[in-house]
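Note sheet for the following structure.
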Amino acid sequence: MADSYQPTVGTDSSLGRDSMTLSQHVLQQLDSFGPEAQDLSAIMNRIAFAGKLVSRRLTRAGLVEDALGFTGRKNIQGESVKKMDVYANDVFISVFQQSGLICRLVSEEMDDIYPIPENCSTGRYTLLYDPIDGSSNVDINLNVGSIFSLRRQQGDDIDPTGADLLTPGRDQIAAGYILYGPSTVFVYSLGKGVHCFTLDPSLGEFILASENVQIPAHGSNYSVNEGNFWQWEDSYRDYIRYVHHHQGYSSRYSGALVGDFHRILMQGGVFLYPGTLKKPEGKLRLLYESAPLAFLAEQASGTASTGEQPILDVDPDQIHMRTPLIIGSVEDVDLVKSFVQERKLERPPVSSGMASG
Ligand code: AFP
């Protein structure tokens, strides 16, 4: 009797893993094929599709008319807008139109909330994103990324001011980023660990590369723009003096938060963008830069702080709010925070008489 054929495909087989696509992985993560799971799987898939379009544009940018350079406009952050910022922002809008999935978009490149009314009867989600993080790297072909955060609609009526979005980062239901580097990588979490996919250009698919990634408790790299050294509070200058005088620390800074965070996710270490005396709130935006990466960091056994409190506990007061950020390995973030606490203890308590002084 001929040997009967026994299929060997399962998620633990090499073929099983090599063919694990993002939408399958989301359903597996949610352990459900129900409508909410299908919606989240479709949303992640559309974000991934946006990533493929942006990746294609970036890889051919030097050959394409009007892909590089500035638009001549400034965004609500007061930053000069790159043509790639606009392209990527339009891509995120276009992949969610007529989708029935996302009711509102919040972007670094758009002053106000962008409603997609045709989606709102079914799509009870808001996507908050930075279409191109590190845009100062675009024209010099260094790594950039797209960062995203997903929140569920609170309440029935669509609030154009987005007041319902101004809640701590713990209310995110998913977060992630796409890193456009030597390979294009999609990293996400639904609150069940952090998982990495790599775009296989031959398939045009993001394929599972690693699951449940853990940030090491300590890493030798520290990432900070030391050019701001004299604008920082003493505590951060103390920390930098410490790492300069102690063996085993290396400075790495790519100019793109996504790239520096991805290094930390893989190798540990710490990234910090402190406030400055002039701008104590720092540079990075809470809702679509710091909070989504803090969500990933905590899901990967790392941590993220403003120096005073966990990033995921910060109560936003407006959609483009900025916060100082210290993110990465627990031991290294704690080391930075210890310098902040130490200086705080040294400062004489502010009594009502002295405040004005
Ligand atoms: P851009 O997107 O405007 O290039 O800013 C990138 C960023 O938000 C973050 O990705 C970097 O870590 C940080 O700003 C770089 O800021 P500095 O140029 O002030 O170091």
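The values are calculated or read from the model by the stated rules, or taken from the named source; none is laboratory data. Being a predicted model, the structure only gives us computed values, none of them experimental. Cβ sites come from the backbone with ideal geometry, for glycine too, and all protein chains shown count toward neighbours. To get the accessible areas, we keep the full protein, side chains included, count just its heavy atoms, and leave off ligands, DNA and RNA. Shrake-Rupley method; radii C 1.70, N 1.55, O 1.52, S 1.80 Å.
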- Query: Does L190 meet the test of being over 30 Å from F70 (Cα atoms) and modelled with pLDDT of 95 or more?
  - Reply: yes
- So I311 clears everything in (1) more than 13 Å from the ligand (Cβ to nearest atom); (2) open to solvent by 10 Å² or more (accessible area, probe 1.4 Å); (3) within 19 Å of G176 (Cβ to Cβ); (4) not hydroxyl-bearing (S, T, Y) except one condition, right? Which one? (2)
- Message: On the basis of being open to solvent by less than 70 Å² (accessible area, probe 1.4 Å), modelled with pLDDT of 95 or more, more than 11 Å from the ligand (Cβ to nearest atom) and more than 23 Å from L293 (Cβ to Cβ), does V86 make the cut?
- Response: yes
- Task: With respect to A67, determine if the residue is touching a helix residue (DSSP H, G or I) at 6+ places or on another chain (Cβ under 8 Å), not in a loop (DSSP other than H, G, I, E, B) and not polar (S, T, N, Q).
- Result: no
- Just for region 258-270: of the residues that are of a type in the set (A, V, I, L, M) and part of a helix (DSSP H, G or I), which one is surrounded by the fewest Cβ atoms within 10 Å (Cβ to Cβ)? M266
- Message: Criterion first (open to solvent by less than 50 Å² (accessible area, probe 1.4 Å), at pLDDT 95 or above, within 20 Å of I311 (Cβ to Cβ) and touching a helix residue (DSSP H, G or I) at 6+ places or on another chain (Cβ under 7 Å)) does L208 satisfy it?
- Response: no
- Might you check whether a residue that is among the small types (G, A, S), outside any strand (DSSP E or B) and away from the ligand (no atom under 16 Å from the Cβ) occurs anywhere in region 185-201? yes
- Note on the structure: Within region 107-127, the count of residues that are under 20 Å from V187 (Cα atoms) and away from the ligand (no atom under 15 Å from the Cβ) comes to 3
- Message: Condition (residue is open to solvent by 10 Å² or more (accessible area, probe 1.4 Å), more than 21 Å from A50 (Cα to Cα), in contact with a helix residue (DSSP H, G or I) (Cβ under 6 Å, 6 or more places away or on another chain) and of a type outside the set (D, E, K, R)) applied to region 159-176: is it met by at least one residue?
- Response: yes
- Members of region 271-281 that are more than 8 Å from the ligand (Cβ to nearest atom) and crowded, with 20+ Cβ neighbours inside 10 Å: L272, P274, G275
- Kindly indicate whether G255 is more than 10 Å from the ligand (Cβ to nearest atom), in a loop (DSSP other than H, G, I, E, B) and modelled with pLDDT of 95 or more. no
- Query: If you take the residues in region 128-154 that are open to solvent by less than 50 Å² (accessible area, probe 1.4 Å), more than 16 Å from the ligand (Cβ to nearest atom) and touching an Asp or Glu at 6+ places or on another chain (Cβ under 9 Å), which one is modelled with the lowest pLDDT?
  - Reply: Q153
